[in-house]
Structures are given as C-alpha cells and as structure tokens.
Amino acid sequence: MIKPYRGHFHTEWFPKTASTAYNYNDMVTILSTSAGVGTLKLAAATDTRLIGLIQQKVASTDADFASATMVPVLVGDADAEYLFPVGAGSAATTNIGEHIDLKDEDEVDVSAYTIGQILVTKIISTAKVVGKINKGFGKEIPATA
C-alpha cells in the first residue's frame with residue numbers, strides 16, 4: 001500500500017468510475033475516454049498524470065457501486081513525498097534521483113524508466129522507497145542565456 005510520507009497534502013473530491021473496485025490508498029488518475037471522462041481510474045504503469053491516493057475503499061457490495069459518486073482523494077503538493085512498496089526490482093541507493101514507473105496502483109517498479117512517474121528521493125529498504133509524483137509532464141523548462 002502506498003502511504004503519504006511527508007509534506008503537505010489536502011483532500012479533493014472526484015467521481016469514481018461506476019462498477020470499479022478500489023482499495024484505500026490506491027493511486028488514482030482521471031479517465032479520459034468517452035466511457036468515463038472525468039472519473040477516477042486505478043493508476044497504471046502507462047499513466048502520465050497521477051492525481052493521488054483514494055481515501056475510501058469501494059467494493060461491489062456497496063450500495064452506490066454502480067454509480068459515479070464522489071469519493072475523497074488525498075493530493076500532495078509538488079514537494080509531497082509518498083512511501084512506495086517496490087513490486088518489481090530491488091531498490092538501491094543508485095535509484096535516488098531516478099524517475100521510475102509505477103508497477104500498478106499500489107507499487108513501483110525500480111527497474112522501469114519508461115514513463116518516469118515517480119522521482120525517488122530516499123531508499124528505506126530494498127522493498128520500500130520514498131518518492132515524489134512527477135507533476136511536470138509536458139512542461140519544458142525554458143532555456144536562459
């Protein structure tokens with residue numbers, strides 16, 4: 001399970017995707033397909049815009065499971081850090097400063113650098129790292145003379 005580690009966090013509310021199960025603290029993003037524009041989805045290794053951690057378990061037994069009801073999401077500011085379980089690879093100090101990929105909604109892959117959603121800032125163990133969500137996708141730093 002991904003957890004907030006340190007920094008400033010706040011809660012925002014988003015509609016969940018109907019008939020989709022979520023676990024507490026799953027990393028989520030926003031769907032951008034015609035089937036669910038503007039609703040949450042579980043984050044995947046290929047997503048470039050991570051929102052935060054869902055703060056509510058959603059199960060098929062819930063009365064509103066088939067509805068796009070609003071759910072709370074914990075969103076960190078640009079410097080907020082999260083504690084990530086390592087789901088693939090073995091974390092080492094050489095990972096500090098690298099942009100790694102998610103493995104899925106609740107783990108990172110320290111050996112994958114395709115998307116670079118997470119900037120590793122600290123190694124806790126071979127199975128846990130601290131990192132920041134890369135919020136700079138699509139933004140170039142202007143060159144100065």
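The values are calculated or read from the model by the stated rules, or taken from the named source; none is laboratory data. Remember, predicted model here, so these are calculated numbers, not experimental data. We place every Cβ from the backbone using ideal geometry, glycine too, and count neighbours over all the protein chains shown.
Within segment 67-78, the set of residues being of a type in the set (Gly, Ala, Ser) and either surrounded by 18 or more Cβ atoms within 10 Å (Cβ to Cβ) or at pLDDT 95 or above (or both) comprises just one member, GLY76.
Yes/no per residue for (1) closer than 15 Å to THR48 by Cβ; (2) touching a strand residue (DSSP E or B) at 6+ places or on another chain (Cβ under 7 Å); (3) not hydrophobic (A, V, I, L, M, F, W, C):
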position	(1), (2), (3)
VAL75	no, yes, no
ALA78	no, no, no
PHE84	no, yes, no
GLY87	no, yes, yes
ILE96	no, yes, no
LEU102	yes, yes, no
ALA112	yes, yes, no
GLY116	yes, yes, yes
LEU119	yes, yes, no
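Of the candidates VAL110, VAL58, VAL28, the single residue that is farther than 21 Å from PRO15 by Cβ and surrounded by 19 or more Cβ atoms within 10 Å (Cβ to Cβ) is VAL110.
Residues GLU81, GLU107: which one is at pLDDT 95 or above, among the charged types (D, E, K, R) and touching a Lys or Arg at 6+ places or on another chain (Cβ under 8 Å)?
Working: GLU107 fails: touching a Lys or Arg at 6+ places or on another chain (Cβ under 8 Å).
Selected residue: GLU81, the only one of GLU81, GLU107 that is at pLDDT 95 or above, among the charged types (D, E, K, R) and touching a Lys or Arg at 6+ places or on another chain (Cβ under 8 Å).
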